[in-house]
Amino acid sequence: MSAESRRQNTEPRIQAQIIIVMIAAAMLIIVMPSSRIFADCSNHVRDPDEQGIDCGGVCSPCKPLIIDHTAVADFDKVPAEWIERAKAFYKVSYGHTSHGSQMASGMAILRSNTAYNGLYNFYDDYADHQLPQAALSFWDCRMSGASDLGNPDRISWVEATRNHLNGIGSSRNLIIWSWCGQVDGTEANINQYLNLMNQLELDYPGVTFVYMTGHLNGTGPSGNVYARNNQIRNFCRQNNKVLFDFADIESWDPAGTYYPNESDACNWCSQWCTSHDCGFCTSSCVHSHCFNCYLKGKAFWVMMASLAGWNHGFLYGDVSGNGVISAYDAALTAQAAVALITLTTDQAKAADVDGNGQVTAYDATLIAQYAVGIINHFPVE
């Protein structure tokens, strides 16, 4: 073997060794908590320098949070710790009329299920200010001045929100408004809604605002409601918003069958419950079947866990796949960065913690810093 060949074979290993030494050095760095980078990337709110919740600026990139039927399927995967974190951090105000009550009714079904040992407890402490321990503060229909996104008109909810946040609801940090049938309007109507929501986000950067689609009405993919809901979805995906996709949740059964022409009655829910256990469905669900409410209650808690930081079972930085982020993961990433080892697709995704689509020495350094507590958040998250 020529000297040049030996040099070419040895160079990657030397580079890897240098990188690993750099990682070790990074792990020995002692910094004060106030010096941590990405310090504002895990507080679950949109800070003034961010483009979205814990993203933008030093927390870039951003991504939307879409809560649809796939989120319902994730319900049983949510670790209890993320539900507890959500309950401890968020204070919710929800404005709705009859259709919007379906989400709250589903939440009540889960709350009453003793098998969960109070995990999904929530309470409206607006009047008595006596929030039970380990319960989510959930103010239901407490934003006076409007009933929903279209009642008494299409803009009163904005002033109601501002008055609420500037007054008795100044401690609220999550605002949700739902539609009744008014999503069945014009493109201009929906653009107005989207622009008003976006402005509220700019004016109240410490508050999370949840967008929502409107309920199905049986007109299917060729109907106006479908088009207006897609208008909302597209805006939320393109602008990294939080969307509770009310319509999508009632369009799919748990087995993955799509019902494009369904209405708010959720006829497929009745069919589902004839062949599946729906014994928990003992309460009413306005305009619909109890199972529809139940699914929306599940979706709500998946949304809350996701806002609190749950990543739906995937752990960035855990290249080894053992559920823990350690120096070993940093070493694997460093070796992959110089082609000493080849990562699987899932490993490469876990290693790409800066979100640039490549596995580099910078990713290895970030993982090493995370492993010893120098940072508590990755740029990709």
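What follows is calculated from the coordinates using simple rules that are stated; it is not laboratory data. This structure is a prediction, so every number in the text was calculated from the model and none was measured. When we count neighbours, we look across all protein chains shown, and the Cβ atoms used for this are built from the backbone with ideal geometry, even at glycine.
The modelled label-to-label distance between Phe75 and Val286, using points 7 Å beyond Cα along the C-beta direction, is 2.0 nm. Close amide H contacts of Ile375 (hydrogens built in the peptide plane, cut-off under 5 Å, sequence separation of 5 or more or a different chain): Tyr370. Rounded if a/c is under 1.5, else prolate if a/b beats b/c, else oblate: with a ≥ b ≥ c from the C-alpha gyration tensor eigenvalues square-rooted, which is the stretch 314-381? It is rounded, given that a/c, with a ≥ b ≥ c, falls under 1.5. Working ranking of peptides 309-315, 100-106, 348-354 by packing, defined as the average number of other Cβ atoms within 10 Å per residue, highest first, is 100-106, 348-354, 309-315. Can you work out the PRE-style zone for Ala255? Point 7 Å along Cα to Cβ, and I want the residues of the stretch 276-297 with backbone N under 15 Å. Within reach of a label on Ala255, which here means backbone N under 15 Å from a point 7 Å along Cα→Cβ, the stretch 276-297 contributes 276-278. Full extension of the segment from Lys349 to Gln192, taken as 0.36 nm per residue of separation minus the current Cα-Cα distance, would add 52.7 nm.
Near Thr257: Cβ cut-off under 14 Å, other residues only, Lys/Arg at +1 and Asp/Glu at -1. The net charge is -4.
Under the criterion of Cα pairs below 8 Å and six or more residues apart, the relative contact order for the stretch 271-359 equals 20 percent. Look at Phe300, Phe244, Phe209 and count the other Cβ atoms within 10 Å of each Cβ; fewest to most, that gives Phe209, Phe244, Phe300. Computed from the C-beta positions of Ala115 and Asn267, the FRET efficiency with R₀ = 35 Å rounds to 0.80. For the listed peptides 122-130, 282-290, a ranking on the average number of other beta carbons within 10 Å per residue, highest first, reads 282-290, 122-130. The slack between Gln130 and Ile341, meaning 0.36 nm per residue of separation minus the straight C-alpha distance, is 70.3 nm. Averaged over residues, the count of other Cβ atoms within 10 Å places the peptides 158-170, 87-99 in the sequence 87-99, 158-170, highest first.
Distance check, please: which entries in Lys77/Lys298; Lys87/Lys298; Lys63/Lys296; Lys91/Lys298 exceed 20 angstrom between their Cα atoms? Those over the limit are Lys63/Lys296.
Spatial offset of the stretch 150-188 relative to the stretch 344-381 amounts to 39 Å, using the alpha carbon center of each. Diffusion of the stretch 60-308 by Stokes-Einstein, at 4 °C in a medium of 1.567 mPa s and with Rh set to the Kirkwood radius over alpha-carbon pairs, works out to 71 µm²/s.
Assuming 0.36 nm per residue, please report the length gained on full extension of the stretch Asn322 to Tyr362 beyond their Cα-Cα distance.
Extending this stretch completely gives an extra 12.2 nm.
Within the shell of other residues whose beta carbon sits under 14 angstrom from the beta carbon of Leu194, the net charge comes to +3, with Lys and Arg scored +1 and Asp and Glu -1. Positive contributions from Lys and Arg (+1) and negative ones from Asp and Glu (-1), summed over other residues with Cβ under 14 Å from the Cβ of Gly118, come out at +1.
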